[in-house]
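Peer 1: Pasting in a structure now, in structure tokens, and then I'll have a few things to ask.
The values are calculated or read from the model by the stated rules, or taken from the named source; none is laboratory data. Note that this is a predicted model, so its numbers are computed, not measured. Using ideal geometry, Cβ is built from the backbone for each residue, glycine included, and neighbour counts are taken over all protein chains shown. The area values use the complete protein model at the heavy-atom level, side chains included, leaving out ligands, DNA and RNA. Shrake-Rupley method; radii C 1.70, N 1.55, O 1.52, S 1.80 Å.
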Amino acid sequence: MPTFSAEVPHQLGSELATQRLRQFIDQVREQYRDVVSDVQGSWSDNLLTFSFKSYGLKIDGTLTVGETTARLAGSMPFAAVPFRGKIEQSIAAELRRELT
């Protein structure tokens with residue numbers, strides 16, 4: 001399966017950044033409800049494992065929150081490859097908003 005990734009720098013430290021991002025799944029579910037469905041997420045310390053569907057395509061991955069960066073990595077179906085840049089940019093923009 002094709003992959004995607006993004007990295008967002010922050011100055012909050014791991015604990016505060018993780019606290020801010022714990023609401024991330026709920027915000028995505030609410031804000032993008034017209035294009036995203038079946039949003040799932042589970043936190044374990046500073047690691048979020050997530051999945052969602054967008055336009056019927058399942059996307060899944062992890063978000064790892066470190067001291068100075070939040071790293072996103074995931075996989076997508078081949079049909080979503082043309083939208084990889086848009087997916088990465090959209091998620092990274094939301095992460096930046098939460099971590100600023």
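Peer 1: Leaving ligands, DNA and RNA out of it, rank Lys53, Lys58 by accessible area with a 1.4 Å probe, largest first.
Peer 2: Values: Lys53 80, Lys58 110 Å².
I get Lys58, Lys53, largest accessible area first.
Peer 1: Under 8 Å for C-alpha pairs, at least 6 residues apart: give me the relative contact order for the chain, rounded to a whole percent. Walk me through the numbers on the way to the answer.
Peer 2: Details: 168 pairs, mean separation 38.5, N = 100.
Computed over the chain, the figure is 38 percent.
Peer 1: In segment 38-94, which GluC sites (Glu not before Pro) are in a loop and have at most 14 other Cβ atoms within 10 Å, using DSSP for the loop call?
Peer 2: On the way: sites: Glu67, Glu88, Glu94; in loops: Glu67.
Counting only loop positions with at most 14 other Cβ atoms within 10 Å, the GluC sites (Glu not before Pro) in segment 38-94 are Glu67.
Peer 1: Still on this structure, please answer the following. Please work out how much accessible surface Met1 shows to a 1.4 Å probe, ignoring ligands, DNA and RNA, in Å² rounded to 10.
Peer 2: Estimated to the nearest 10 Å², Met1 gives 150 Å².
Peer 1: With charges only on Cβ, +1 for K and R and -1 for D and E, what is the dipole size of the chain about its Cα centre, in debye, rounded to 20?
Peer 2: Working: 11 positive and 12 negative charges, 53 e Å.
Charge dipole of the chain: 260 debye, to the nearest 20.
Peer 1: Using helices alone, what [θ] at 222 nm do you get for the chain, with -39,500 (n - 2.57) per DSSP H run of 4 or more residues, divided over all residues and rounded to the nearest 500?
Peer 2: Details: 3 runs with 33 residues, N = 100.
Only helices count here, giving -10000 deg cm²/dmol.
Peer 1: Moving to a separate point now. Which value, in Å² rounded to 10, gives the accessible area of Thr62 with a 1.4 Å probe and all protein chains present?
Peer 2: The value for Thr62 is about 50 Å².
Peer 1: If you roll a 1.4 Å probe over the heavy atoms of the protein chains, what accessible area per residue do you get for segment 1-86, in Å²?
Peer 2: About 60 Å² of surface per residue is accessible.
Peer 1: Still on this model: Where in the chain are the DSSP H helices whose alpha-carbon span along the long axis reaches 27 Å or more and whose Kyte-Doolittle mean is at least 1.6?
Peer 2: Values: long enough: none.
Span-like helices in the chain: none at all.
Peer 1: I would also like to ask the following. Could you give each residue of segment 54-70 its phi-based ³J(HN,Hα) in whole Hz, using Karplus coefficients 6.51, -1.76, 1.60 with θ = phi - 60°, and x for Gly or Pro?
Peer 2: Per residue, the Karplus-derived 3J(HN,Hα) values read 9, 6, x, 9, 7, 10, 9, x, 9, 10, 10, 9, x, 4, 10, 9, 10 Hz.
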